[in-house]
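Note sheet for the following structure.
The values are calculated or read from the model by the stated rules, or taken from the named source; none is laboratory data. All values reported here derive from a predicted model rather than from experimental measurement. Note that we place each Cβ from the backbone using ideal geometry, even for glycine, and neighbour counts take in every protein chain shown. The protein model used for the area step is the full one, side chains on, heavy atoms only, and it has no ligands, DNA or RNA in it. Shrake-Rupley method; radii C 1.70, N 1.55, O 1.52, S 1.80 Å.
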Amino acid sequence: MFPDSFQTARLLLRPIAMADARAIFDGYAQDAEVSRYLSWRPHRTIEDSRAYVQACLEATMSRTYALVQRDTGAMIGVFDLRRTGPTKLGFGYALARPYWGVGLMTEALAAVVDWALRQPSIWRIGDVADRDNPASARVMEKAGLRCEGVLRRWGVHPNAGDAPRDCVSYAKVR
């Protein structure tokens, strides 16, 4: 049900491949700041990145895309799109720190949201951001998602602590 790729003015989102493991490891997966509010710990070895890619390739209800700069061909992050129910989609993303703050993830998410809500069976796309991660919340807002409220003790982000953390829910519906 997921498209093979997305293109924006500056990005190509293409299916992740095992050949991306090195770029993932070297580019952002070791960076504790990148993974601070995500559900995984920083990768310690290239094998961690290979195992991550393998898990993405084996997933049946989601597709993970490599974020590739169109002008340089550099792989700079990932975007995961997942079917969370018969009429809804969720997502997650990670971006190498040198590319933060220039609108790339907003650009990617806006393209995915636009595609999703043109699908006849999809009525909702949304996900959450850690309450202490305003940058991710801002990405979702700028991509047209609306804040729905705080989900108390919703998600575990092991780099920010072992206890479940409050998350803010964002979605766009048709």
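How much of the accessible area of the chain, in percent, comes from carbon and sulfur atoms when a 1.4 Å probe is used?
C and S atoms contribute 51 percent here.
In debye to the nearest 20, how big a dipole does the chain give about its Cα centre with +1 on each Lys and Arg Cβ and -1 on each Asp and Glu Cβ?
520 debye
For segment 26-172, what relative contact order do you get, as a whole percent, if you take Cα pairs closer than 8 Å and at least 6 residues apart?
Rounded, it is 22 percent for segment 26-172.
Count charges around Arg22 for me, please; just the other residues with Cβ under 13 Å from its Cβ, Lys/Arg as +1, Asp/Glu as -1.
Here the charged neighbours net out to -3.
If each residue of separation counts as 0.36 nm, what is the full-extension length gain between Ser121 and Arg174 once their alpha-carbon separation is subtracted?
Result: 18.0 nm gained on full extension.
How much area per residue is accessible in segment 1-147 when the probe is 1.4 Å and only protein heavy atoms are counted (Å²)?
For segment 1-147, the solvent-accessible area averages 50 Å² per residue.
Taking 0.36 nm per residue of separation and subtracting the Cα-Cα distance, what length does fully extending Arg138 through Trp100 add?
12.5 nm is the gain from fully extending Arg138 to Trp100.
Roughly how far apart, in whole Å, are the Cα centres of segment 19-75 and segment 158-174?
Their Cα centres are 20 Å away from one another.
Under Stokes-Einstein, with the Kirkwood radius over Cα pairs standing in for Rh, what whole-number D in µm²/s applies to segment 58-143 at 25 °C and 0.890 mPa s?
In µm²/s, the coefficient is 179.
So, taking all protein chains as they sit and a 1.4 Å probe, how much accessible area belongs to Glu47, in Å² rounded to tens?
100 Å²
When all protein chains stay in place, what accessible area (Å², nearest 10, 1.4 Å probe) is found for Val173?
90 Å²
Compute the length gained on full extension between Ala51 and Arg82: take 0.36 nm times their separation in residues and subtract their Cα-Cα distance, giving the result in nm to one decimal.
9.3 nm
Please identify every one of the trypsin sites (Lys or Arg not before Pro) in segment 69-168 that sits in a loop by DSSP and has no more than 13 other beta carbons within 10 Å of its own beta carbon.
Here the trypsin sites (Lys or Arg not before Pro) that fit, given the DSSP loop and packing criteria, are Arg70, Arg118.
Step through the residues of segment 35-50 one at a time and calculate ³J(HN,Hα) from phi using the Karplus curve (6.51 cos²θ - 1.76 cosθ + 1.60, θ = phi - 60°), rounding each to whole Hz and writing x for Gly and Pro.
In residue order, the calculated couplings are 8, 3, 10, 9, 8, 10, 7, x, 6, 9, 9, 4, 5, 4, 5, 5 Hz.
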